[in-house]
Amino acid sequence: MEEAWLCQWSTIRSLFAILQWWSFNVTVIIMNKWIFQKLDFKFPLTVSCIHFICSAIGAYIAIKVLKVKPLISVDPQDRWRRIFPMSFVFCINIVLGNVSLRYIPVSFMQTIKSFTPATTVVLQWLVWRKYFDWRIWAALIPIVGGILLTSVTEMSFNMFGFCAALFGCLATSTKTILAESLLHGYKFDSINTVYYMAPFATMILAVPAMLLEGNGVLDWLHTHESISSSLIIIFSSGVMAFCLNFSIFYVIHSTTAVTFNVAGNLKVAVAVLVSWSIFRNPISMLNAVGCAITLLGCTFYGYVRHLISQQPPGTPRTPRTPRTPRSRMELLPLVNDKLDDTV
């Protein structure tokens, strides 16, 4: 009886964790798009900077005041030698995501972000000559094909926004790959990651934001109607951005890897549907089919990764293989494609 109750509670907890993760993620995306499109606040660097500031304050309160998570101690030299480079790539990743959201619809942007597994695998293969099981390469085919179909049939296509989203995938992949070497020895959760990286990211982005967008922001403040309500929405998006990081920490500890992968792809579908219902951006049938193929491909890719991680170590070498992997984990790309939208 007690075991059955614990099983039911575990299921309810996992479902709640997924739902609150979805809610915060979709809310942040929709609020950012609303800020750019409806409030006419077309300053992605400033929005990103506000998100970093709110996230830094939120992480400090969560760790230092509320003691939600113990602070992971980092050597002062490592903060500049390891954390700062990660923060720089982290900053570029978030800025490019907001820039793409400024120019292209949410549905298109979210579909392109699903390209991250492919960019990560290719980067590791080209730069590090890392071996991958042939099933990983095969699983990337529907992802690439779906994104190509979506891009060709996108009715609101914008080259600048498309390039920003695509380079955002590269930045996410670079961040993931660098994390293995730069953060070796530190077991960061999402809250500690934000605690250390958000202040650096704010410092990196503050000057460019003021130089490139400062005059525009001042003009917007003088000409825009309903300043108070608009500023509340803008800063609320920053608060929601921190809550998204906290929700990711909760969902990782409440679900299995397979559930997390499937929920991550369904989250993209929910974001696309909600954004379409609000902004009514035109979507053709082929565009919807391309988006669906991409999401199914991401789900299949996650399933393949799970299968490979469960197999016994040792894979026979083939003539086309650069070298034999030392362990089964070397068959897997260093990517967690559902965590690339934090902050």
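The values are calculated or read from the model by the stated rules, or taken from the named source; none is laboratory data. These figures come from a predicted structure and were not determined experimentally. FYI the Cβ positions are ideal-geometry reconstructions off the backbone, even for glycines, and counts take in every protein chain you see. Accessible surface is based on the protein model in full, side chains and every heavy atom, while ligands, DNA and RNA are left aside. Shrake-Rupley method; radii C 1.70, N 1.55, O 1.52, S 1.80 Å.
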Task: Tilt relative to the chain, helix 134-153 - C-alpha long axis, 0 to 90 degrees, to 10 - done: 30
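State the extension gain, in nm to one decimal, for the chain segment bounded by W134 and D189, taking 0.36 nm per residue of separation less the distance between their alpha-carbons. Please list the in-between numbers first.
Numbers: separation 55, 0.36 × 55 = 19.80 nm, distance 3.12 nm.
Contour length minus the Cα-Cα distance gives 16.7 nm.
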Task: Cα-based Rg of the range 161-233 normalised by 2.2 N^0.38 Å, two decimals - done: 1.55
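Multiplying the sequence separation of W276 and L15 by 0.36 nm and subtracting their Cα-Cα distance, what value in nm do you get? Spell out each step's value before the answer.
On the way: separation 261, 0.36 × 261 = 93.96 nm, distance 2.46 nm.
Between W276 and L15, full extension yields 91.5 nm more.
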TODO: Eight or more residues apart or on different chains, and alpha-carbon atoms under 20 Å: count the Lys pairs in the chain matching that.
DONE: 15
TODO: With a 1.4 Å probe and every protein chain left in place, work out the accessible area per residue of the range 1-101 in Å², rounded to a whole number.
DONE: 52
Open item on the list: Can you tell me which of V89, V217, V26 moves the most in a GNM of the chain? Springs connect C-alpha atoms under 10 Å apart.
Closed with: V217
Open item on the list: At 222 nm, what value in deg cm²/dmol follows for the chain if DSSP H runs of at least 4 each add -39500 (n - 2.57) and the sum is divided by all its residues, to the nearest 500?
Closed with: -25000 deg cm²/dmol
Open item on the list: What is the percent carbon and sulfur in the accessible area of the range 171-272, measuring with a 1.4 Å probe over the protein chains and ignoring ligands?
Closed with: 70
TODO: Bin width 5 Å, alpha-carbon pairs only: give the P(r) of the range 1-143 as whole percents, running from 0 to the bin holding the largest distance.
DONE: 2, 7, 10, 13, 15, 15, 16, 13, 7, 3, 1, 0
Task: With Cα atoms, 0 to 90° folded angle of helix 285-310 axis to the chain main axis - done: 50
Task: Cα-based equivalent ellipsoid, the chain: semi-axes from gyration tensor eigenvalues, Å - done: 32, 25, 22
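Hey, with R₀ at 51 Å, roughly what FRET efficiency would L71 and V289 work out to, going by the Cβ-Cβ distance, to 0.05? Each step should come with its number before you reach the end.
Values: r = 47 Å, r/R0 = 0.93.
Step by step, r from the Cβ atoms, then E = 0.60.
Any idea what the dipole of the chain comes to, in debye rounded to 20, about its Cα centre with Lys/Arg Cβ at +1 and Asp/Glu Cβ at -1? Working shown, then result.
Values: 26 positive and 16 negative charges, 172 e Å.
Here the size comes out at about 820 debye.
At a 1.4 Å probe radius, carbon and sulfur cover how many percent of the accessible area of the range 40-87? Spell out each step's value before the answer.
Details: 1540 of 2460 Å².
Carbon and sulfur together cover 63 percent of it.
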Task: Theoretical gain in end-to-end length, F235 to W80 [0.36 nm per residue, Cα-Cα removed] - done: 52.9 nm
TODO: Calculate, in whole percent, how much of the Cα-Cα pair population of the range 75-153 lies beyond 22 Å.
DONE: 45
- [ ] On a C-alpha basis, how far is the centre of the range 174-189 from the centre of the range 94-123 in Å? Whole number, if you could?
- [x] 21
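Protein chains only, probe 1.4 Å: how do L39, L15 rank by accessible area, largest first?
L15, L39
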Task: Between 0 and 90°, nearest 10: helix 159-182 axis offset from the chain longest Cα axis - done: 60
Task: the chain, relative contact order [Cα under 8 Å, separation at least 6], % - done: 35
